[in-house]
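Worksheet: one structure, shown below.
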């Protein structure tokens, strides 16, 4: 019995204690909430337990830094990718701008040349549409044709010099045969001495050739070669190129001259087209330029 | 000597629970974090009631409140009620198989959730999210592990000198 009573007593005690504690706790809560009296106490307590906070922060910080590492890595990869794409795009833009700038410079030079040389007046500009630079034929297609008054054999020049001539015509397009085409020949002369010959293409855009020149021909390295105007088609005085190489052909007593074209054949963007000139003066020996172009093909 | 070891285990368990309470967990786990302190106190009330009474529960609760409580006195209140209930039913609970004990722990923690909500309403603090109501389940899920772990730690401590 006494045990039982004790048990109940103990229970009663603990219930009382519980009530007291709960009352205190609720009072604390209310005071904390309403009057904020305990804020300072709490701050003191927090200051006291700050090391524990910091300690508890360690795994969190580790986790966060690991998380940061991984997200950063994937982020970095993504950013890298994006930046690379941007870089490529901008590089492309830059190249475009540069080439536009270059072509503007070239155009300006061409315009100046046209304005200063009366023989070049009356032409028109055309954009290069397509290129065909196989070893056997050098052609390009431009965006002007019969509708804009082009004729067969119209002369194409760029800011440097002769480019070629119109070979076939469409309404709004024309095909040019370039001077570097192996089947093309131009009646030409040395600018200074007036020595005459043909300049032929050899399927190489950086080199033209003068075949079978007499050994005593008045030609030397660095000479400027230009059209002679003989045989019609090409007006006189259009630059063709500079002599870059003189070869004595062994056993034949002849000279083979290599000419670097003045026109920028490798990077044509636009050409200036001149009407073909009627033949003036005697026709040069050999085949006529008209026959030289592969019209037979 | 043994008793001092036990005390050490008790204090370190409480400290660890307090620290765990503070530990930041990533978003999916954070809200589901159970009330570790309550779990440790539960264990000690059940297994070693000489370490813990209402007064100590109250003090531990105040310490926890100072550390991370929403309101000063909130966890003290909850711990007191939890301790009281456990002390009331201790004799029965101790002889339950672990799974039954575990389910009762879940109910106890659900009750605790309601108390916490009441305190929050009293203190005019915003209601916790839905995950808050799942914490009893996580507590129940972790309870067997905690129980076994603390048991082992205590026994190991006790046996260590003999070995």
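The values are calculated or read from the model by the stated rules, or taken from the named source; none is laboratory data. Remember, predicted model here, so these are calculated numbers, not experimental data. Here Cβ is always computed from backbone atoms with ideal geometry, including for glycine, and neighbour counts include all displayed protein chains.
Annotations
- Near pairs, Cβ below 9 angstrom, 6+ apart or cross-chain, from segment B:1-24 (under 18 Å from residue B:36 (Cα atoms) and away from chain A (no Cβ under 12 Å)) to any residue that is modelled with pLDDT of 85 or more and assigned to a helix (DSSP H, G or I): B:9/B:150; B:10/B:40; B:10/B:44; B:13/B:40; B:13/B:43; B:13/B:44; B:13/B:150
- Unique residue being on the phi < 0 side of the Ramachandran plot and either at pLDDT below 65 or not in a helix (DSSP H, G or I) (or both) when the list is A:66, A:5: A:5
- Of all the criteria given as (1) more than 14 Å from every other protein chain (Cβ to nearest Cβ); (2) at pLDDT below 70; (3) on the phi > 0 side of the Ramachandran plot, the one not satisfied by residue A:36 is (1).
- Of the criteria (1) assigned to a helix (DSSP H, G or I); (2) under 20 Å from residue B:11 (Cα atoms), which one residue B:52 fails: (1)
- Residues that are part of a helix (DSSP H, G or I), under 15 Å from the mean Cα position of the chain (by Cα), within 10 Å of chain A (Cβ to nearest Cβ) and in contact (Cβ under 8 Å) with a residue 40 or more places away in the chain do occur in segment B:87-97.
- Neighbours by Cβ (under 6 Å, 6+ apart or cross-chain): first from segment A:1-27, at the interface with chain B (Cβ under 7 Å from one of its Cβ atoms); second at pLDDT 75 or above and outside any helix (DSSP H, G or I): A:25/B:73
- Only one entry in A:194, A:170, A:203 is at positive phi and either under 32 Å from the mean Cα position of the chain (by Cα) or at pLDDT 85 or above (or both), namely A:203.
Listed here are the residues, each with its yes/no results for (1) at pLDDT 85 or above; (2) touching a helix residue (DSSP H, G or I) at 6+ places or on another chain (Cβ under 8 Å); (3) not in a loop (DSSP other than H, G, I, E, B).
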residue: B:81; (1), (2), (3): yes, yes, yes
residue: B:101; (1), (2), (3): yes, yes, yes
residue: B:104; (1), (2), (3): yes, yes, yes
residue: B:109; (1), (2), (3): yes, yes, yes
residue: B:118; (1), (2), (3): yes, no, yes
residue: B:131; (1), (2), (3): no, yes, yes
residue: B:136; (1), (2), (3): yes, yes, yes
residue: B:144; (1), (2), (3): yes, yes, yes
residue: B:147; (1), (2), (3): yes, yes, yes
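- Every residue from segment B:62-72 that is in contact (Cβ under 8 Å) with a residue 24 or more places away in the chain and buried (at least 23 other Cβ atoms within 10 Å of the Cβ): B:64, B:71
- Taking residues in segment B:41-57 that are within 14 Å of another protein chain (Cβ to nearest Cβ), and partners anywhere that are surrounded by 23 or more Cβ atoms within 10 Å (Cβ to Cβ) and assigned to a loop (DSSP other than H, G, I, E, B), the pairs with Cβ atoms closer than 9 Å and at least 6 places apart or on different chains are B:41/B:52; B:45/B:52.
- Any hit, segment A:104-117, residues being surrounded by 18 or more Cβ atoms within 10 Å (Cβ to Cβ) and over 21 Å from residue A:206 (Cβ atoms): yes
- Members of segment A:236-275 found to be surrounded by fewer than 19 Cβ atoms within 10 Å (Cβ to Cβ) and not in a strand (DSSP E or B), listed by number: A:236, A:237, A:250, A:251, A:252, A:253, A:264, A:266, A:267, A:269, A:275
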